[in-house]
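Read-outs throughout are calculated quantities, based only on the coordinates presented, and are distinct from any laboratory measurement. Everything numeric in this text was worked out from a predicted model, so none of it was measured. Heads up, the Cβs are rebuilt from the backbone with ideal geometry, glycines too, and the neighbour counts pull from every protein chain shown.
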Amino acid sequence: MRGSLPEDLRDVLPRAELDVEAALEKVRPICDDVRHRGAAAVRELTARFDGVEIASARVPAEAIDRALAELDPRVRAALEESIRRTRRVHRDQRRTDVTTQVVPGGTVTERWVPVDRVGLYVPGGRAVYPSSVVMNVVPAQEAGVASLAVASPAQKEFGGLPHPTILAACALLGVDEVYSVGGAQAVAMFAYGTEECAPVTMVTGPGNIYVAAAKRLLKGLIGIDSEAGPTEIAILADETADPVHVAADLISQAEHDTIAAAVLVTTSPELADAVEKELPGQVSATRHSERITEALSGKQSGIVLVSSIDDGLAVVDAYAAEHLEIHTAGAAAVAARVRNAGAIFVGTYAPVSLGDYLAGSNHVLPTGGCACHSSGLSVQSFLRGIHVVDYSREALAAAAAHVSVLADAEDLPAHGAAIRARFDWRVPE
């Protein structure tokens, strides 16, 4: 893209394909089944899709306690530190009620009220994600949500329970309502409720395309955070970047999935060449080299050469990456100019891997270009702003003429009449 940038920049950049619309037709009968048959449908669908027979979707309390007791002490220490840092960041996101005196005797107060009950989805496919328990639960707790439930797929090797590290993370966070359910049936269970699980008002958390499709299908009945797609990393770099670090960070996100996206945007052909030479050696040394190779060689990944940092910023803003790293001279100043990203990682010592676990930031972030209009999961995600209007008789009287005029302008005369009904006089015409 050296030279002038194309006008259709968003359309020409590499991007993973995610056909949620096609998946909708597959998840619709699943959700309808759960709606009509409840817990029995959840058990049968778990047997069909996960190959596990479960007597009950609800995880027994003793299994959660046992998972924590048997947790590797090093993993426990790391999770506790992740929780501490994440809680510290999200505690500062709490909102306070604000009262504005609009006129003497007339106030509007914005109250912040948490949703009543939340279902938190934690994936359990190719990898285990106790970090996603932390990232979902902490902001909900800090928002003051009174009722939390976690769902994660049943695992055959663990007797139909979710992975024990996920259960241990729930225990560390004080969450005792956990379900061995994955996929679209988990979202449907949360949305409609079953004999075992009370319905929720909101579902959050990442998942596969069927989870995303179920969220889309049931949005409105429930609130959702986003329709999470394949993970993605973009790196904006110049000649000062270290190709070893850049290659390692591209690989770290490609490790998630064969359709994960890894995009390097750089002003330096020399860096691009160096990264391409560095990748094979690092990939071959990783456990998931086949998965990473497929992700890096897919059409969703690539290297974009630009003429300047200004053009690079235009490209990354058009791409609106879930994760954006800045490896340039004056990285903080460049990062401050970015408008579209789920999260921005500044310089050599703030890789995405840090954000996935221990930066304190949230790793549930918008994907697929949605960062141009959406934010990552936060305390705000679980709060509703409610305006409370309190006017005295005198304050209403002072507004009455304006209200009546505007009501007539919109041909809604009853609006004005509702004001005049409170007084013994008519508003002059």
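Restriction of the trypsin sites (Lys or Arg not before Pro) in the range 1-108 to DSSP coil positions whose beta-carbon has at most 15 other beta-carbons within 10 angstrom yields ARG2, ARG94, ARG95. Within the shell defined by Cβ-Cβ distances under 11 Å, the residues around GLU142 carry a net charge of +4, with Lys and Arg each +1 and Asp and Glu each -1. Each principal axis of the range 74-174 carries a Cα extent, and these read 67, 25, 21 Å when sorted largest first. For the options VAL203, VAL175, VAL403, a Gaussian network treatment of the chain with springs between C-alpha atoms closer than 10 Å singles out VAL403 as fluctuating the most.
P(r) tail for the range 129-195, what percent of Cα pairs lie past 18 Å? Counting pairs separated by more than 18 Å, the tail of P(r) holds 37 percent.
Rounded to the nearest whole angstrom, the semi-axes of the ellipsoid equivalent to the range 289-351, taken from the Cα gyration tensor as √(5λ), stand at 22, 14, 11, largest first.
Anisotropy class assigned to the range 20-225 is oblate, per the alpha carbon gyration tensor with a/c at or over the 1.5 cut-off and a/b no larger than b/c. Charge tally around GLY376: other residues with Cβ under 11 Å, Lys/Arg +1 each, Asp/Glu -1 each, net -2. Considering the range 214-277, its Cα convex hull presents a mean projected area of 5.7 nm². Other residues lying with their Cβ under 11 Å from the Cβ of ALA154 contribute a combined charge of -1, Lys and Arg counting +1, Asp and Glu -1. The convex hull built on the alpha-carbon positions of the chain has an orientation-averaged projected area of 26.4 nm².
How many percent of all Cα-Cα pairs in the range 343-429 sit more than 14 Å apart? Tail of P(r) above 14 Å: 76 percent of Cα pairs.
Only helices enter this figure: runs of n ≥ 4 DSSP H residues, each worth -39500 (n - 2.57), summed and divided by the residues of the chain, yield -13500 deg cm²/dmol at 222 nm to the nearest 500. For the range 1-94, the gyration tensor built on C-alpha atoms gives an oblate shape. Its axis ratio a/c (a ≥ b ≥ c) is at least 1.5, and a/b is not larger than b/c. Between the range 253-267 and the range 71-127, the alpha-carbon centres lie 29 Å apart. Comparing the range 230-375 with the 2.2 N^0.38 Å rule of thumb, its C-alpha radius of gyration ratio is 0.94 (two decimals). Considering only SER378, SER226, SER297, the Gaussian network model of the chain with Cα springs below 10 Å gives its largest mean-square fluctuation to SER297.
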